[in-house]
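The values are calculated or read from the model by the stated rules, or taken from the named source; none is laboratory data. Predicted model, so just to flag it, every value in this text is computed and none were measured. Methodologically, a virtual Cβ is constructed for each residue, glycine included, from the backbone with ideal geometry; neighbour enumeration extends over all protein chains shown.
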Amino acid sequence: MIRLLHTADWQIGKPFGQFEPDEAALLSEARFLAVERLAMLATEHQVDAVLVAGDVFDAQTVADKTLHRLFNALAGFPGPWVMIPGNHDAALAESVWRRAERLDALPTNLHLCLRPEPLHLEAANLVVLPAPLTQRHTYQDLTDWFDLAATPEGALRIGLAHGSVEGILIESIDSPNPIAQDRADKARLDYLALGDWHGAKRIDARSWYAGTPEPDRFKANDAGRALLVELDAPGTEPRVTQLETGRYRWRQETRTLRVASDLDALLEWLAALGGDDVVALILEGSLDLAAHRRLETALGQARGRARSLRVDTQALRLEPTVEDLDALAADGYVGEVIDELREQQGGSEGAVARDALALLAGLLDERKEKRP
Amino acid sequence: MRLSKLRVEQFKRFRSGVELDHLDPGLNLFTGPNEAGKSTLVAAIRAAFFERHRSSNVDELRPWGESGVAPTVMLEFELDGRFHRLTKSFLARKRCELLIDGERFEGDDAEERIKDLLGFQQPSRGASKAEHWGIPGLLWIRQGDAQEIRPAVEHATDQLRSALERSLGEVAASGGDELISRVEALRLELLTAATGKPRGEFERALKQRDTLSTQLDELDEQISRYRQRVDELARLRAEHQRDQREAPSRALRERLEAAEDQLRQAHERQRRLADERLRAEQIEARIRLLRERLESFTAQRLAVDERRQALTLSTQALASANAELAAWRGRLEQVDRARRHSRDRLRQARQQASRAQLAQRIERLDDELDQRQRRLVQVESAGQRARKLAELRGTSAIEASEVEALRAEQARLRELEIERRAAATLLDFSLDEQQRIELDGEPLEGQGERRLLGPATLRLPGLGTLRITPGGANLSSLGARHRELSELHAERLARLGVDSLHRAEARLVEQRELDSEARALEATLAALAPAGVEALREECAARRQERETLIRTLAELTTEAREPALDIAAVEAEDERLDGELREVDQALRQAQLRASRAQVQCDVDERELATAQAALEAPERTARLDAGHREETETNAELATQLARIEALERKLEADQPEILAQDVERLKRSVQQQERRFAERREAMTRLEVELESLGAQGLEERRAELARDLAQLTRRCDELERRARALDLLLERLRDKRQRLTQRLQAPLVHHLERYLRLLLPEARLELDEGLAPVSLTRPGAHGVEHGDFDQLSFGAREQMGVISRLAYADLLKEAGRPTLLILDDALVHADESRLAQMKRVLFDAATRHQLLIFSCHPEAWADLGVAERRIPDLVHAGQDAPTR
């Protein structure tokens, strides 16, 4: 039985610009750690080879340090690593790969497939048919040649490609780097290891996207996995097991606050956030001042716990109650201003009015504290 | 509040008691000179309210040089319908007592009460200061403080506000101002106060964002260039491989060599052609020389014929020239004869003309002579007459002035006579019959009278003589002058040779007539002989002589024989024509001679040349040379034909070659090969260059750097957005707060403005006084000479500010009154800077205010306040009444 570890889309050197620098640094770092974990998993499961289906690097010109760091991370698994370039790290005339060669960074157990030529791993008696990208985008199916590729009798035929399987991924209709849906069948492949889609996804019994081992966006489903592929013999169906490799949980949450229990639920949810959570929270609805204070406190605490917590309150209104106003001792014209701002929250500059109102409430609160 | 009584003891200027009683509920006027104690009374009222009785900082209340005294003030007033009496003693006996309708309060308790009633504060320790005085501080105007209203208002703002709020039933925001200033401060952290531009951290963040954005653009540009180069490298590599495979330059090189070979052959042919052409040219030159030699032989024969012909022609020409010459000689002789005849006729005609001229001249001389002789006769007769006239006039010459003098003398003599007669002594006599007397020898008889003009002797026969001397001296002088003048007159007459004036006048008339005639004669003479008689005579003589000369000349001329008359003009013309003809013929003759001699010379030359030519033709070796020449010519022509055929063959070949096209082919192919090789080399070089460049660029980690930069930029952008949002929120908040506050202030001020305008109308009609937020007057608007004027309160004159200060205080008092607060107004020497008319208006204002408030006015100018409508109370009187003199 042959065991393969299928992974892709490491996106080493990805910037995470929407985060604070410290958060972004940790998220970038997490990608190296994920590779190290993959190496450990490969060793642990005694796989015959690790297949990396493209987009190892997020960009062609990463720093030398990054390059070395990545290839060092492979050290945890001494068996063969097979890699193809994807659209982010295509094998162009000058590429990250050529540079790695020049820097002598490539470990000897790495099989880098820069040309569409079969790679025969004799120890496992398997032949890898790679479809490396040599341009950033191509509109022809680079896996075409798999159909006619000859392989030794009895050897496993394993396809390795990076692109969009036609007709499966809605978002990628008309997208570059197409791959025929029935490639595994037509090319008599025992397994087709795919990359580009960041979530783990089954196309058919023999064709899978591994997804990225460490999530890097809010929208991907089933990210943070690697696939353990077990093949008994040529022609038999592979057994595919999803292994958890991701550390950070990327969550995007939209909450509408209308009644007091909505806030309670939100606070509970916030309280449950931990150090591996990367959260984008969108808040809507309305709050009175007391609730607003509670929310601010809870958010402050949650920020301290979560890896990252970003909150969008553009659509949130402040509705001070009579008690709020009494508590703030906002009489006379200050009271009038509060009323006006409250009204204005529904208007075109609603967010500004809300901020102004929150500011005013804060100032009045401050004053109240000063004069008990 | 109505103050009814004030008593002061041992207080500053007043050692013992002074009392103001029966104070009016309205106006009260206290007067007194400087240092009479006005301000002391005011100080007493202030001390009673403001100073704590236990205060040890009130030494100035003590009369000078006194110790151990207890300055005391007692006030009685009515407030809220209740009777109050406040008694306060300081220093030696510290006491305070307040009676309210019989209820009694003491010490601090009393002070607390009074303070709340009046609306002021007391210091917890030490002397009371302006900031404690509140409402009274505003309404009690100290000497020289009326114009300084702002600080006083500030210390009373809260009370005024609360009065306004009470009157309006509205509440200002508590601590609103503090809130606004807090918002302002927060906004100032982000935006500039004036223009709302970003500042501080916000500004820095924006700048940094822009910097990062620029850097990112630059990096993007670099990355894009990097990618282009990667593509370029790929393209170059593909081309390079193709070239290596296909080797297009080799084929080109072979074609080049073939073309070069062809070109070389063509060049060889060209060189040969040039050689052949040169030979042909040499042969042609030889043929040309041969022909020239043969032609010279032919020319010798032709020359002999030519010479002979020329000689024939020149002989003919000589004969014709000689014939012409003879003809012209005959003609000359003929013309010369005709001309000699013409000359004789001309002389004759001229003599005839001279004679006719002489005869005419003599005739004219006769006429002139005759005329002059007649004039001479006339002149002589006129001369005789003139001499006669001169003679006549010479005997009776008399001057008109002399006659005039005579006339004057006679008139004067007559006047003297009359005067003398008037002055003479009248002798009136009437003698008896037969009696006679003698007057100066003249016997007088009968009756009569005589006028005695001088001393006279009257002989009375028988009686002697009477000597009479006329009494007036005048008479004798008159007599003397008469005599003198008579002698002068007689003398003049004698000189003129007349016996009377009448005669003289007659002679004068006669003389004038003679003069007139003489002048007429003179004119006649001048006309006849302008140059004088002698000249006329000479003229006559000259003409006579000339005439005789001419007659002699004519006689000589006439001696020649008679001839027919000739027309001189015609003769002269004929002579002239002949003269011209003669010259022409002579000229023609000379020409003919010249031609004849030339023809002779030509004839001689032709003869000589003919001889020479004939000699050459007859030379012995000529025939042999001629034959040899002909033979050589034939041979050379044949040689030329062969050469030309050879050249033509070569030219045909070269035309087919087209060597210039061949040369172009070679050039073209050579260049193509070079280009191909250069391109190959360049590409190889470019590839190397690109590879090196890309290697070094790749090592810079451009995209990773871009990723970091993009991350920083995104973060900064978020930060800027947050700050901007905060700034906008603060802006909005501040704007709203200020707006609301402004509106509230306006609403609050309305009643105060109303009161203020009531007084302002009296003082400055149509003026408006604006208030600031603290309710203090801030600016004045009024109609001026040039439209509406608007000025800061602080810019007004001292006097105006003082007046505004007073009416503002009255308005505050009205406001407080309406709010049910006590009002008492004290004016210590206020309005001293007001002019007469303003002061008059201010009095109306004060009188009006006094209908609502109690006013205490202290002044050292009683006369200025005489028309206030209230009796003045003199402070010295009050003091005397209290049996106390002011102390020094």
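Screening B:Arg743 against (1) within 14 Å of another protein chain (Cβ to nearest Cβ); (2) in contact (Cβ under 8 Å) with a residue 12 or more places away in the chain leaves a single unmet condition, (2). Only residues that are touching a residue at least 40 places away in the same chain (Cβ under 8 Å) and more than 12 Å from the chain's Cα centre (by Cα) were counted across the stretch A:193-227, and they come to 9. Determine whether A:Phe77 is in contact (Cβ under 8 Å) with a residue 12 or more places away in the chain and over 17 Å from A:Ala226 (Cα atoms). No.
Based on this model, can you work out whether A:Val352 counts as crowded, with 17+ Cβ neighbours inside 10 Å and part of a helix (DSSP H, G or I)? The answer is yes for A:Val352. Scanning the stretch A:1-51 for residues that are part of a helix (DSSP H, G or I), more than 14 Å from chain B (Cβ to nearest Cβ) and in contact with a Lys or Arg (Cβ under 6 Å, 6 or more places away or on another chain) yields a total of 1. Pairs are defined by a Cβ separation below 7 Å, a sequence spacing of at least 6 or placement on different chains, a first member in the stretch A:342-364 that is away from chain B (no Cβ under 11 Å), and a second member that is surrounded by fewer than 18 Cβ atoms within 10 Å (Cβ to Cβ) and at pLDDT below 80; the pairs so defined are A:Arg342/A:Glu319. Which members of the stretch A:192-201 meet the condition of being in a strand (DSSP E or B) and out of contact with any His (no Cβ under 8 Å at 6 or more places or on another chain)? Result: A:Leu192, A:Lys201. Within the stretch B:717-736, the set of residues being aliphatic (A, V, I, L, M) and more than 7 Å from every other protein chain (Cβ to nearest Cβ) comprises B:Leu723, B:Ala727, B:Leu734. Having 1 or more residues that are over 26 Å from the mean Cα position of the chain (by Cα) and basic (Lys, Arg) is the bar; report the strands (runs of 3 or more DSSP E) wholly within the stretch A:97-180 that clear it. Ranges flagged: A:156-162.
Helices (runs of 4 or more DSSP H) fully within the stretch B:772-888 that include at least 2 residues being among the hydroxyl-bearing types (Ser, Thr, Tyr): B:798-818. Taking each residue of the stretch B:702-716 that is facing chain A (nearest Cβ under 7 Å) and looking for partners that are charged (D, E, K, R) and surrounded by fewer than 20 Cβ atoms within 10 Å (Cβ to Cβ) with beta-carbon atoms closer than 8 Å, six or more apart or interchain, yields B:Gln715/A:Glu20. Take the conditions (1) within 11 Å of chain A (Cβ to nearest Cβ); (2) over 23 Å from B:Lys207 (Cα atoms); (3) without any contact (Cβ under 8 Å) to a residue 40 or more places away in the chain; B:Glu691 misses just one of them, which is (3). Considered as a group, the residues in the stretch A:311-341 that are hydrophobic (A, V, I, L, M, F, W, C) and surrounded by 23 or more Cβ atoms within 10 Å (Cβ to Cβ) include one that is farthest from the other protein chains (Cβ to nearest Cβ), and that residue is A:Leu316. Among the residues of the stretch A:70-96, those identified as surrounded by 24 or more Cβ atoms within 10 Å (Cβ to Cβ), assigned to a loop (DSSP other than H, G, I, E, B) and within 14 Å of another protein chain (Cβ to nearest Cβ) are A:Pro85, A:His88, A:Asp89, A:Ala90, A:Glu94.
For the stretch A:300-314, a residue qualifies if it is within 18 Å of B:Asp721 (Cβ to Cβ) and small (Gly, Ala, Ser), and exactly one does: A:Ser308.
From the list A:Ala280, A:Ala290, the lone residue that is touching a residue at least 12 places away in the same chain (Cβ under 8 Å), surrounded by fewer than 20 Cβ atoms within 10 Å (Cβ to Cβ), within 14 Å of chain B (Cβ to nearest Cβ) and not in a loop (DSSP other than H, G, I, E, B) is A:Ala280. Considering (1) within 25 Å of B:Asn34 (Cα to Cα); (2) aliphatic (A, V, I, L, M); (3) assigned to a helix (DSSP H, G or I), the lone condition that B:Leu117 does not fulfil carries the number (1). A search for C-beta distances below 6 Å between a residue of the stretch A:54-69 that is closer than 18 Å to A:Ala90 by Cβ and at the interface with chain B (Cβ under 7 Å from one of its Cβ atoms) and any residue that is surrounded by 18 or more Cβ atoms within 10 Å (Cβ to Cβ) and of a type in the set (Gly, Ala, Ser), counting only pairs 6+ apart in sequence or on different chains, returns A:Ala59/A:Gly13; A:Gln60/A:Ser95; A:Thr61/B:Gly698; A:Thr61/B:Gly701; A:Val62/A:Gly13; A:Val62/B:Gly701; A:Thr66/A:Gly13.
Yes/no per residue for (1) within 14 Å of chain A (Cβ to nearest Cβ); (2) surrounded by fewer than 14 Cβ atoms within 10 Å (Cβ to Cβ):
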site	(1), (2)
B:Gln147	no, no
B:Leu160	no, no
B:Arg187	yes, no
B:Ala193	no, yes
B:Glu201	no, yes
B:Leu212	yes, no
B:Leu219	yes, no
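Okay, residues lined up against (1) of a type in the set (D, E, K, R); (2) in contact with a Cys (Cβ under 9 Å, 6 or more places away or on another chain):
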| position | (1), (2) |
| --- | --- |
| B:Leu365 | no, no |
| B:Arg372 | yes, yes |
| B:Val379 | no, no |
| B:Ala382 | no, no |
| B:Arg387 | yes, no |
| B:Glu391 | yes, no |
| B:Glu404 | yes, no |
| B:Glu415 | yes, no |
| B:Arg420 | yes, no |
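To keep it simple, each residue is scored yes or no on (1) in contact (Cβ under 8 Å) with a residue 60 or more places away in the chain; (2) at positive phi.
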| position | (1), (2) |
| --- | --- |
| B:Leu27 | yes, no |
| B:Thr31 | yes, no |
| B:Leu41 | yes, no |
| B:Arg62 | no, no |
| B:Thr72 | yes, no |
| B:Gly81 | no, yes |
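For B:Glu522, the requirement of being touching a residue at least 24 places away in the same chain (Cβ under 8 Å) and farther than 28 Å from B:Arg451 by Cβ is met.
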